[in-house]
Amino acid sequence: MLFKWFRYICVANNQNGQIEHSFELQILNNSAPLIVDSPESKVVNPGEQVTFVCRAAGQPPPSIKWYFNGMEISYDDLHVELTQRDNELTIIHATREDEGVYQCIARNVLGMASADATLKVYLPNQQALDESLTNQILKNIVKEAKENVDRAINQSKSTINNGEMSPWEFMKMFKFNVPQNAALTKAREIYEQSLLLVQKYVRDGLKFPVYQLPTNFSFESILAVSNIQTIMELSGCVTGPFRNPCTDMCLYTKYRTYDGQCNNMEHQFWGVAQTPFRRNLPPIYENGFNTPVGWNPEKLYFGFKKPNPRLVSMKIISTEEITPHFGYTAMMKQWGQFLGTSSELVNAKPYSQTAPGLARQTYMKGAICNRTCENLDPCYNVPMPSEDPRMQGE
């Protein structure tokens, strides 16, 4: 950085004496941006985390923006993370949708500089996979997924409708009360079930070398973007509500909208119905897509298996003696749970953010969730330890 130093001295004097004060002035030479640390092109496996670095010098200090295939990357994109000064761009789980050209542009009042890098998501036998997944194959897969989901939902409905019901069983009926929410959940489950069937098709039909894949791999990350779009369309998935331009200020300054749009004019899409919540921390899935941590009980984390959640509750947060509270009963907790979860299902509106689970039967095998120990979509069971008091009472 080029600059010049100047020293100034202020002198004041009269008949009684003299006093002086000095100060220094630094004048910087302005300069256009210069990329001093360029992002590097990368070839990665599906599901890997990718970081691009871009640093620039200049005076005034330049600001940096990132672009993907010519489109500016926004902070609202939950798939990527940008550092505070935008020097680094991190893709949390790389998929084929992330393949392309990444460009960082540094700007200040004197000009701009840019640098490019490409990302390639590599997978062995990728061409064979793409050629095998024809539109007809995808249609057959989604058709089978729909049949599996419909069968499980219908069996769940018939189970609820037969015989006497407990209050908890009665509450489950409200999941089917609002068709719009049930359709949204059903589409999501068909989409995920379709991906599982694609996985089965690839493993059984193509003898795909899955042992070469990373542990956080999901089949969504290796499918072509066109295949993902086809599965989403056939599943009935929606891209979200239509974005209101919020131009009718006479209306929006007086009234609140039912779906949340235009209520916050500074951030018009915050809190809008049927949009994903923004997370303080990125989600952690065992396969990088949709399975929870502990889905595979044999998987090691930092060299250890995950403990049984029920055992953790018994050993760490349990108590041998329950002491009463001076002002509250257990009903307070139950009431809070009712307001936070159950009533959200009961009062679910077409514009609600809730998408309740519908089936209690597994999609592929038809087993009832609380009658199988296997983790089969959509069932995630917690085995009861032999020393569990609930087991001893039965």
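A few comments on the model shown:
- Positions within the stretch 16-56 being over 26 Å from Gly100 (Cα atoms) and among the hydrophobic types (A, V, I, L, M, F, W, C), in sequence order: Ile19, Phe23, Leu25, Ile27, Leu28, Ala32
- With respect to the conditions (1) charged (D, E, K, R); (2) farther than 30 Å from Asn287 by Cα; (3) touching a Cys at 6+ places or on another chain (Cβ under 9 Å), Asp86 lacks only one, and its number is (2).
- Extreme residue, surrounded by the fewest Cβ atoms within 10 Å (Cβ to Cβ), among residues of the stretch 315-334 that are over 17 Å from Pro385 (Cα atoms) and either of a type in the set (Gly, Ala, Ser) or in contact with a Leu (Cβ under 9 Å, 6 or more places away or on another chain) (or both): Gly327
- Residue among Glu72, Glu24, Glu88 that alone is touching a Lys or Arg at 6+ places or on another chain (Cβ under 8 Å), acidic (Asp, Glu) and within 30 Å of His267 (Cβ to Cβ): Glu72
- Flag for Ile190 being modelled with pLDDT of 70 or more, assigned to a helix (DSSP H, G or I) and not polar (S, T, N, Q): yes
Yes/no matrix, rows are residues, columns are (1) part of a helix (DSSP H, G or I); (2) within 18 Å of Pro46 (Cβ to Cβ):
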position: Ile64; (1), (2): no, no
position: Glu81; (1), (2): no, no
position: Arg85; (1), (2): no, no
position: Thr90; (1), (2): no, yes
position: Ala113; (1), (2): no, no
position: Thr118; (1), (2): no, yes
position: Ile137; (1), (2): yes, no
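- Scanning the stretch 42-56 for residues being outside any loop (DSSP other than H, G, I, E, B) and either of a type outside the set (S, T, N, Q) or free of Cβ contacts under 8 Å to residues at least 12 places away in the same chain (or both) gives a total of 8.
- Residue satisfying all of: in the stretch 17-41; touching a residue at least 60 places away in the same chain (Cβ under 8 Å) and part of a loop (DSSP other than H, G, I, E, B); surrounded by the most Cβ atoms within 10 Å (Cβ to Cβ) among these: Pro39
- Taking each residue of the stretch 332-345 that is at pLDDT below 80 and small (Gly, Ala, Ser) and looking for partners that are surrounded by 11 or more Cβ atoms within 10 Å (Cβ to Cβ) and in a helix (DSSP H, G or I) with beta-carbon atoms closer than 6 Å, six or more apart or interchain, yields Ser342/Met171.
- Residue in the stretch 294-309 that is surrounded by fewer than 12 Cβ atoms within 10 Å (Cβ to Cβ), at pLDDT below 85 and not basic (Lys, Arg) present: no
- For first residues located in the stretch 252-266 and on the phi > 0 side of the Ramachandran plot, partners that are surrounded by 19 or more Cβ atoms within 10 Å (Cβ to Cβ) and part of a loop (DSSP other than H, G, I, E, B) and lie 6+ apart or on another chain with Cβ distances below 8 Å form the pairs Gly260/Val272.
- The set of residues in the stretch 120-158 that are aliphatic (A, V, I, L, M) and in contact with a helix residue (DSSP H, G or I) (Cβ under 6 Å, 6 or more places away or on another chain) comprises Val121, Leu133, Leu138, Ile141, Val142, Ala145, Val149.
The values are calculated or read from the model by the stated rules, or taken from the named source; none is laboratory data. Just so we're clear, the structure is a prediction, and the values are computed from it rather than from any experiment. Glycine gets a Cβ as well: all are built from the backbone with ideal geometry, and neighbour counts include every protein chain shown.
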